[in-house]
Each structure stands twice: as C-alpha cells, then as structure tokens.
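Step one of this worksheet: look at the structure below.
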Amino acid sequence: MALPAAALADEIGRRRTFAIISHPDAGKTTLTEKLLLYGGAIRSAGSVKSRRSDRHATSDWLEMEQERGISITASVLHFDYQGFRINLLDTPGHQDFSEDTYRALTAADSAIMLLDNRKGVEMQTRKLFSVCRKRRLPIHTFVNKCDRVGEDPLGLLDDVQVELGIDCFVSTWPVRRDGRLIGVYDRERSKVWLYEETGDHGQSRPEAALVDLDSDELEAAIGTDGVERLAEEVELIEIAGAEADFEAVARGEASPVCFGSALTNFGVDVFLERFLSLAPPPTPRESTGGVVAPAEHPFSGFVFKVQANMDPRHRDRVAFVRVCSGEFDEGAEAVVSRTGQKLRLAQPQEFMARERVHADTNAVAGDVVGLLDRGSLRVGDTVAVGGRIEYPGVPRFSPEHFAQVHIEDALRRKHLDRGLSHLAEEGTILLLFAPSITGPIPIVGAVGGLQFDVLLDRLEREYGVSARLERLPFHCARWVTGPDKAIDKVANAYGRRRVEDADGAALILFDNEWTLRRSIEQEDELTFHDVQPRTAVSA
Ligand code: G4P
C-alpha cells in the first residue's frame, strides 16, 4: 500500500543503512551479534564458535544463523532500534579480497571501521577504506578489544590518520583500572560511563552508570591516581587531539573514534548511540536521469548482488536490490535500465533459516529487497518505475587470477556452460572467451583466488559438474577500448592475450603489472579501464 508523502519521508528518514569494514578477526561477527542483542533481535549473545574452516563458502551470517538459529536475510540484517530501522549489510569476511564486499559498500550510506586495538590499520581495512573514501561514505571508527591492553590510544589514532589520510577525533576514550577496561570517557557529555561486569562473558548488556569526572564514584572505581591520569588524558585529547567536526564526518573527511570491547560490551552502547545520531539516512544519488531524491521519486534501486540456488528446492535466483528512492510497490511496472525490459515488481523475498518466505514489510529507500529473478537481472542493473534511469557505481573489477576450465565428462558441457554463466551473472567469476586460441575451453577470471575454490565447489554441488582448473600465467587485466588493430597489436606481444567478456567487451590479460603500466603509458590510441566500461543508457 502506498504511503502518504509525509509518512514515506518519515520512514525513509529513519533508515540507517551501513556496513562494517574490518580485517578478519578484528571482531566484526562479535560486534554484529552485539548489535543484534542491543536491537532486541536476539535475547542473549553466545560466543560465536570458531568459524575459520570453510569460511569463504558462506557468509558469516549464514554460519551465525546456523549456529544460533536466528533468522536473518542473506544479504542484509534489519531490525528496529530506538526509532531507527537499521539495515546492516553483509560484507563477506574472508581474507581473500572479494568483489562482493566492494559491491555491498555501494549499497551502504555509511560504514563502521572496526580495528583491533593491538593491530590498528591492517591490509583488508586499508582496501575497504579506500572504497569508502571514493564514495565519500561517512566512516565511524570503533577500536575493539580494549578489554586487553593494546597500542597507546593516541598512537593508534595517529596510525589511522597517517595510514589512511583521514582526520580522527576522539568520541569515547578507554578508562582502565589496573590495566582492565572498566568504562569509557564520553567526550560529548564530558562524563564517564562505568560498566559492571556481567559475569556471563558478554552475553547480556552490562549495567552502566554515568558519572562526573570529579565524582566519588569515579574515584572509588579508579582511585585518586586514576582520576588524575584520566584528567590529564582528557586535557591531552582537547589540546592535542582534533576537534569534533561533524560536517567533516558527513563529507567522509573525518572519523569519530570510539574505544570499547565487543566481547564484554563495554562502550558498545555509547558507540551505537553516537553512530546512529551521526550516520545519515538515505541521501540523494546521482543517476543518468539527474539527482534522485529518496522521498521524491518513485521506486528505483540497483542490483548489488545476485545469488542463485539459495533454496535448493527452487532453482531460481534472487537479485538483491538496494532501494534508492520511493517505496516498493508490488505489482508496479519497472524498467531494467540495461535492457529496457519491463519488470513487474513481485512480492519481495526474505530468507528465514534458509527458507524462502515473502517479506512482510514495506520496503522504502534505504532498504534492500530480494527479487526473484529468472535471468533478467544482473549485478549493476538499475530497476526503476517511471523512466529509464541508471545509477552508476556497482563496478565490475578487473580480475587478477585466470584459469581455463576443464571437465572430464564432455557430456556435462551444457551443465558447465549453464553453471559458468549463472556464476558470472552473480559476479562470482568473470567469464572470458578467446575462441581462436582456446577453442571451446572457457577461461574464468577472479579478483581473489579463493573465488576459484568457490567456483569449483558450486559447480559440483549445484550443477553436478566435476571440473578442474588450469591456471594461466596472467596476473592483471584491463578492459580496453580503441581501434581493433591497436588492441591486437598490444595483445599479440609476448605474455599477453586478448579475450572478450560475456558482453563482447575486449580485455587484454598481462603477465605482470610492469608490462601493463608500459602499455598504458605508450598506447595513446587505446583507453585502459580497470572496471568494466558500461555502455551508455539510451533514453
Ligand atoms: P571477525 O568476524 O572480524 O573475523 O572476528 P570475530 O568476531 O570472529 O572475532 C575474532 C576473535 O576475536 C574471536 O576469538 C573473538 O572472540 C575475539 N574478539 C572479538 N571481540 C573481542 C573483544 O572485544 N575482546 C577480545 N579480547 N576478543 C574479542 P577466537 O579466539 O577466534 O574465538 P572464540 O573462541 O573467542 O569464539
């Protein structure tokens, strides 16, 4: 049912759609679980068991779902908290950097950067941060594991500023007694939150008391020396630390930093409060049809993830659409930007304990809807009611690992082709062809090598194809546009190969970064693209 304009604007205004970026092991799953606990989605948080094995095959949430029996959607976790509708996007947590994570970030309006207090900025954090930076996403930092003594907090802030080039300012600060975290100083309130141990390993929310810096309670908790030391630290934060600049946060140029422990929950509540008060609701987005304001345009959104075979009993696919404007209106006719095809909006899907069910909520801008799809939608597609527009920004990254796919049983060839094309449409791999050289043997490209393991596993399980990969000696690739002859000239040199993707766009594979750089410098006639060049949308 269509909401009146004011109610729609209110609904959109309470959406907070974000992702957590972190290096594996920083505590993302633990923090996610605590957000669920605080949001009332689960009653008690259990220790999430070791999920290291087979981590890449499923998302952390699916594992969590299995272990804890909670109901979550496969791509976004939503719950209501203090008047907000929280949409926490899943960013797969495996080491190997994957495009899925990039794409989830295109659907987010802000991000939480989670750091381990002993490790500071790590490799994966750096990569994910750079994606957020490009999109100017507001980033809120949570320094985790402060129940253990780690790096000096000011040194850590310095590390973030130097490594990532973003201004940081203290929002909360750890308060310790004998090295143990017992509270956090809340800079905005100029007071201290003192927590009581729950004695249940953080399964429940701890009691917290808000006390003054010169209060008896604080002195009783950390002693006279502790109070003096904290007063010095607070002075240092004010003198040496950056000022709280909330406008710079909104522009993605500064990050408020909170300290705490997802394990004991100390500091999590203040962080969440601060984050939700500063994180933006859905904001206007650029499209080929101009800037689209979330509350003033009919339904529009883009596909940031496609997943096949989520429910083994239904061999269909679900396209996850980030809604950018308006309200999901069942029965309305939308247009798919890439093809111009009409698409009737059908009941959106949710996944409860792996069972597909109809979503019972009205999705509005900021939400994610799962659309059942029989092949008309791809990652990056815009779906819009009332005109053919396109949102840019769900990039297809150039792969860094390449392999030819061989099968033992030639009779399974059709199944292989079907599996490869489905998995390519999902964005798990990039399917490439070089007919003149490889004959009928397909080539696959992936951004991370781990995607190949997923490919083989899924071909076997979902398509009954036992395949083998023969790695090819290329390490980078670029889409290339320009005169055909010039493309061939570059591609025919030693250590290179010309291939085409499923849309017929040309790529050149290179055996190393150096030859790629030289080609880019020397070949004036050609343009090299590190993401797939999208064809312009004709109105
Ligand atoms: P990830 O999703 O980012 O990979 O991290 P995850 O939450 O799985 O946490 C990784 C490890 O760090 C886990 O320990 C977890 O208990 C621990 N951890 C998370 N938050 C905190 C924190 O605030 N303080 C401390 N001290 N540890 C934290 P593990 O040994 O791998 O597993 P487990 O046996 O503890 O479950």
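The values are calculated or read from the model by the stated rules, or taken from the named source; none is laboratory data. Worth saying up front: this structure is predicted, and the values here are computed from it rather than measured. Here Cβ is always computed from backbone atoms with ideal geometry, including for glycine, and neighbour counts include all displayed protein chains. Each accessible area value is taken on the protein alone, full model and side chains, heavy atoms only, with ligands, DNA and RNA left out. Shrake-Rupley method; radii C 1.70, N 1.55, O 1.52, S 1.80 Å.
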- Query: Among Arg85, Arg68, which is modelled with pLDDT of 70 or more and surrounded by fewer than 24 Cβ atoms within 10 Å (Cβ to Cβ)?
  - Reply: Arg85
- Query: Does Glu243 satisfy being open to solvent by 40 Å² or more (accessible area, probe 1.4 Å), over 30 Å from Thr32 (Cβ atoms) and not in a loop (DSSP other than H, G, I, E, B)?
  - Reply: no
- Note on the structure: Checked Gly226, Gly326 against criteria (under 22 Å from Lys145 (Cα atoms) and more than 16 Å from the ligand (Cβ to nearest atom)); the one match is Gly226
- Item | Residue check for Leu263: within 16 Å of the ligand (Cβ to nearest atom), within 24 Å of the chain's Cα centre (by Cα) and part of a loop (DSSP other than H, G, I, E, B) | yes
- Total residues in region 5-42, condition part of a loop (DSSP other than H, G, I, E, B), at pLDDT below 90 and more than 8 Å from the ligand (Cβ to nearest atom): 4
- Can you pull out the residues in region 361-372 that are assigned to a strand (DSSP E or B) and surrounded by fewer than 23 Cβ atoms within 10 Å (Cβ to Cβ)? Leu372
- Note on region 250-260: residues more than 9 Å from the ligand (Cβ to nearest atom) and not in a strand (DSSP E or B) are Ala250, Arg251, Gly252, Glu253
- Qualifying positions in region 102-132 - free of Cβ contacts under 8 Å to residues at least 40 places away in the same chain and within 16 Å of the ligand (Cβ to nearest atom): Arg118, Arg126, Lys127
- Item | Total residues in region 133-176, condition part of a loop (DSSP other than H, G, I, E, B) and either open to solvent by 70 Å² or more (accessible area, probe 1.4 Å) or within 16 Å of the ligand (Cβ to nearest atom) (or both) | 10
- Note on the structure: Those helices (runs of 4 or more DSSP H) completely within region 427-534 that have 1 or more residues that are of a type in the set (Lys, Arg), crowded, with 19+ Cβ neighbours inside 10 Å and in contact (Cβ under 8 Å) with a residue 24 or more places away in the chain are 450-463
